[in-house]
Every structure is written in C-alpha cells, then in structure tokens.
Amino acid sequence: MRKKIVAGNWKMNTGIKDGVALVSDINKELKNVTLPSDVEVIIAPPFTHLTFFEQVTDRNKINIAAQNCATESEGAFTGEISAKMLKSAGCSYIIVGHSERRAYYNETSDILVKKTEQVLKNNMTPIFCCGEKLEDRKSENHFNIVKNQISEGLFHLSDDDFTRIVIAYEPVWAIGTGVTASKEQAQEMHAFIRDIVFRKYGKDISDNLTILYGGSVKPANAQDIFSMPDVDGGLIGGAALKVSFVDIVKAICQ
Ligand code: 13P
C-alpha cells in the first residue's frame, strides 16, 4: 500500500520549551482528526528536542524523525549523532540529503549512501531528498539532476531495501521562498521519479513508492498539490512551525 505522509521539518528552529509547547498543541489538535490507515504524520525537530517529543506526543498520531544522522555507527566522531542513537531516542524516520545539507555541508552522493545505509540498518525509514536549483530548471537540466541524485544515492539498494525508502522532491527554488511549484510541475517531476524507479525496480515497487513534495507548502495550497496522482504528501518547512500544520494534515486526509 502506498503511504501518504505529511512531514514537518522544523530545521534549526525553536528552543526546547517552545518546541515542546508547539508539538503538544499540534498533538492536541490532532486528537480531533481521524487519520485514515494509509496516512502518517511525521515531525522532525532538532536533535535536542527528540526525547522530550517522545514523552509528550501520541505515537499513534505523530511519528518522530531526525533531520540528519552520522555516516558511521559509533566511535570517535566528535559532534556526530548516529542512526542507532536516534532510534533509541524514538525516531522512526530520518531525513537524508536535504538540499540545505547538500549545499551548506557538502553532502555528496557518497555520503548519502552511507547515511541511508545507517538508517536502514537501524530499522528506520530514510526520507531521501532530491531537487534541482533554479539555474538547473532554467537550463532545462532539472530531470537530469534529479535522476542523478536518485540513481547515485539509492539505486545500489536491493529491492527489499528500496521498498523501505520515501523520496521527497524539493525544488531548491521553492524552499522557503514562498514560490511553490505549480501542481503540474510537481506532478510532472513525481511521475518522472516514479518512472525511473519503475525502470529500475519494476511496477510493484514504483507503484508503492511514497513521493513527497516540499517547497512552500502551506494550508492554503496543500490540497491543490496533494490532489495530483503522483504526489503522496508533503515535506513542510516554515508552515510546520504553527499549529495550523494540522490543516495540512487534514488536506491529505481528504
Ligand atoms: P518550506 O516549506 O519552508 O519551503 O521548506 C521546505 C523544506 O525544505 C522542507 O524540508
């Protein structure tokens, strides 16, 4: 069954006190929402918040994710946090290869292969991000860029492992800019992604792959984007930092 997901990526925002207050309010608001069995809600707060979130959220309603993890399992890697630690802090998903990490922390495909392996090894689901920059789209190179990101980062995986992947398409030009891809642009790229996965892994796996759209999704435009056949939900940044995030969850439930 292809899952639908609304995931909030809080990035480097909120302190522990206000973060816990916000997730408690979201949790309370979600009590009034009946989630269909194919819908999941995920929140990815900063690392510092994770154990608190595990205590205050209803895990039947909110899955907890991390925004990143180390390439290694354990040892002398000062400042790093392993997938195993994140599992023990209550995470079931980890975001891998967000464009901000690719751009500001030089995360290459080789690094993302190692991170994905760590996430899978610890029985969590990677949310693997891809997406082109504005200049790539202007030069009509966007399909190539996304294809390379996905094939370099994921196509070494076995069929079994690939069924555990979620892909998030986040065009860099739409992140935090207020400019959302049109629903047609999102659908076109999602269908393209599903097609390259179909060619590599076949129909069953590509049909069941969850592909999220990210980039300036908010309550006002969520339903429109989610109405497209290959858009299975969203990865939400700024609009995930408000209780009205729940309105985006409601949009996927319709
Ligand atoms: P915005 O929703 O703020 O554009 O951010 C999207 C994003 O980067 C989620 O990972």
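Each reported figure results from applying straightforward, stated rules to the coordinates on display, with no laboratory input. The shown structure was predicted, so the numbers you read here are calculated from the model rather than taken from an experiment. Quick reminder, even Gly has a Cβ in these numbers, built from the backbone with ideal geometry, and neighbours come from all protein chains shown.
A few remarks follow.
- The simple spin-label model puts a point 7 Å past each Cα toward its Cβ; for residue 135 and residue 78 those points are separated by 3.5 nm.
- Likely footprinting exposure, 120, 112, 134, fewest C-beta neighbours within 10 Å first: 134, 120, 112
- The alpha carbons of the chain occupy a box of 46, 44, 34 Å along the principal axes, longest dimension given first.
- Separation in nanometres of the label points that stand 7 Å from Cα toward Cβ, at residue 1 and residue 177: 3.7 nm
- Legend: ranking of residues 246, 179 from fewest to most surrounding C-beta atoms inside 10 Å; resulting order 179, 246.
- Set of lysines near residue 250 by C-alpha distance (under 19 Å), chain-local residues within fewer than 8 positions excluded: 3, 4, 28, 31, 61, 183, 218, 242
- Within the listed set 60, 122, 68, the Gaussian network model of the chain (springs between alpha-carbon atoms below 10 Å) gives the highest mean-square fluctuation for 60.
- Residue-averaged [θ]222 nm for the chain, counting only DSSP H segments that reach four residues, each worth -39500 (n - 2.57): -12500 deg cm²/dmol
- Nearest-20 debye value, the range 80-234 charge dipole, Cβ charges on Lys, Arg, Asp, Glu: 340 debye
- Proportion of all alpha-carbon pairs of the range 61-154 beyond 23 Å (%): 27 percent
- Footprinting exposure proxy ranking of 1, 228, fewest other C-beta atoms within 10 angstrom first, gives 1, 228.
- Separation between Cα centres of the range 24-53 and the range 116-182, rounded to whole Å: 23 Å
- Candidates 155, 77, 192: whichever shows maximal mean-square fluctuation once the chain is modelled as a Gaussian network with Cα springs under 10 Å: 77
- Distance in nm between pseudo-label sites at residue 196 and residue 28 (7 Å out along the Cβ direction from Cα): 4.5 nm
- Gaussian network model of the chain, springs between alpha carbon atoms under 10 Å - residue of 213, 104, 201 with greatest fluctuation: 104
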